[in-house]
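Below you'll find the structure, written out as structure tokens, and then a few comments.
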Amino acid sequence: MSISILVTNDDGVHSEGLHFLANFLKKLGKVCIVAPDKEKSAASHSLTLIHPLRVVKISKNVFSVDGTPTDCVIYAVRGLLKNKRPDLVVAGINKGANLGDDITYSGTVSAAMEGALLGIPSVSFSMVGRKDYCFDAAEDIVVNICSKVLKNGLPKDTLLNVNIPNLPKEQLGGIMITRQGKRIYRDTIVKKQDPRGNNYYWIGGEEPIFEQNKNTDFYAIQKNMVSVTPLHLDLTDEDALKVLKKWKL
């Protein structure tokens, strides 16, 4: 039986990174794209409950959904592909990093999270850059990691978050298995006024920095290496659990 792979993202169904990813994965199996009809960056793990979803078939095995990345995965697995569940869910390639605490905002990572919640091995891919993305340099990385996941599976309730430096293939420094790093955000609220005198606000500020710790996703990117971070769906803080039990609530 052929391998079935679901591909999605949060940059939208027309994003260049999505179609590079899908073409890479065709080496491993049959690919179906189900992605948001427009950009849904920072949608996190949001789910559409207040209105129905509209789905448009764009071409063979390519569908757009007027919802979030999470909506796309649920629709594909529970609806479109219900007679042949995907063997793998892959999200990306995201335009920009998903490092450290950014994963809590990321629609790309959340799409892979939804796949894991549905019991399907899942991986998210992001390219760390701002423009002129070297998506073609990611082919060997995507095929290598996804083929390993298909062969070996992943631990229960675990997904992989992969970040790739935006560099030509020959400048990449290999793959590092990492832990989630820590962002230091420097957000500010910028107040503006429209022509009618009404206030509106932008969330802005300086570029976030990060804690300088070895073996983190940030550290790998600093070394021009690909970061592969296993994430677990159980967010329980085991150390805090022990502390709270002493409170005798």
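Every helix of 4 or more DSSP H residues in the chain counts as -39500 (n - 2.57), and over all residues that averages to -6500 deg cm²/dmol at 222 nm.
What size of dipole, in debye to the nearest 20, comes out for region 119-249 about its Cα centre when the only charges are +1 on Lys and Arg C-beta atoms and -1 on Asp and Glu C-beta atoms? Spell out each step's value before the answer.
Working: 19 positive and 16 negative charges, 106 e Å.
Dipole size: approximately 520 debye.
Using every pair of separate Cα atoms, the Kirkwood estimate puts the hydrodynamic radius of region 139-186 at 13.2 angstrom. Only Lys, Arg, Asp and Glu carry charge here, each on its Cβ (+1 for the first two, -1 for the last two); on that basis region 1-122 has a dipole of about 680 debye about its Cα centre. For Val226, the residues 5 or more places off, or on other chains, whose built amide H falls under 5 Å of its own are Gly173, Gly174, Ile175, Met176. Over the chain, the pair-distance histogram of Cα-Cα distances with 5 Å bins from zero comes to 1, 6, 13, 17, 18, 16, 11, 8, 5, 3, 1, 0, 0 percent, rounded to whole numbers.
Per atom type, the chain shows carbon and sulfur on 52% of its accessible surface, probed at 1.4 Å. Size descriptor for region 1-110, Kirkwood hydrodynamic radius: 13.7 Å (Cα pairs only, one decimal). Compared with the direct C-alpha span, the chain from Ala42 to Lys169 gains 42.9 nm at full extension, assuming 0.36 nm per residue. Ellipsoid fit via the Cα gyration tensor, region 49-197: semi-axes of 27, 25, 16 Å, each the root of five times an eigenvalue, largest first. Largest accessible area first, the residues Leu18, Leu117, Leu167 order themselves as Leu117, Leu167, Leu18 under a 1.4 Å probe with ligands, DNA and RNA left out. Placing a label point 7 Å from the Cα of Leu235 along the Cα-to-Cβ direction, the residues of region 107-125 whose backbone N falls under 17 Å of that point are 107-118. For region 108-181, the normalised intensity computed at q = 0.23 Å⁻¹ comes to -1.14 (log10 of I(q)/I(0), Debye sum over alpha carbons, equal scatterers, no solvent). In a DSSP loop and with at most 13 other Cβ atoms within 10 Å, the trypsin sites (Lys or Arg not before Pro) in region 32-117 are Lys38, Arg54, Lys60, Lys82, Lys84. Once a ≥ b ≥ c are taken as the square roots of the eigenvalues of the Cα gyration tensor of region 130-249, is the result rounded (a/c under 1.5), prolate (a/b larger than b/c) or oblate (a/b not larger than b/c)? Oblate. The ellipsoid that matches the Cα gyration tensor of region 103-150 has semi-axes, each √(5λ) in whole angstrom, of 21, 17, 5, with the longest given first. Only protein heavy atoms count here; under a 1.4 Å probe, Glu238 has an accessible surface of about 100 Å².
On the principal axes of its alpha-carbon atoms, region 25-88 has extents of 35, 23, 21 Å, going from largest to smallest.
Kirkwood radius for region 1-61, taken over all pairs of different Cα atoms as the inverse mean of 1/r, rounds to 12.8 Å.
The values are calculated or read from the model by the stated rules, or taken from the named source; none is laboratory data. Just so you know, these numbers come straight off a predicted model, no measurement behind them. Counting neighbours? That spans all protein chains shown, and the Cβs are built from the backbone with ideal geometry, glycine included. Heavy atoms of the whole protein, side chains included, go into the accessibility calculation; ligands, DNA and RNA do not. Shrake-Rupley method; radii C 1.70, N 1.55, O 1.52, S 1.80 Å.
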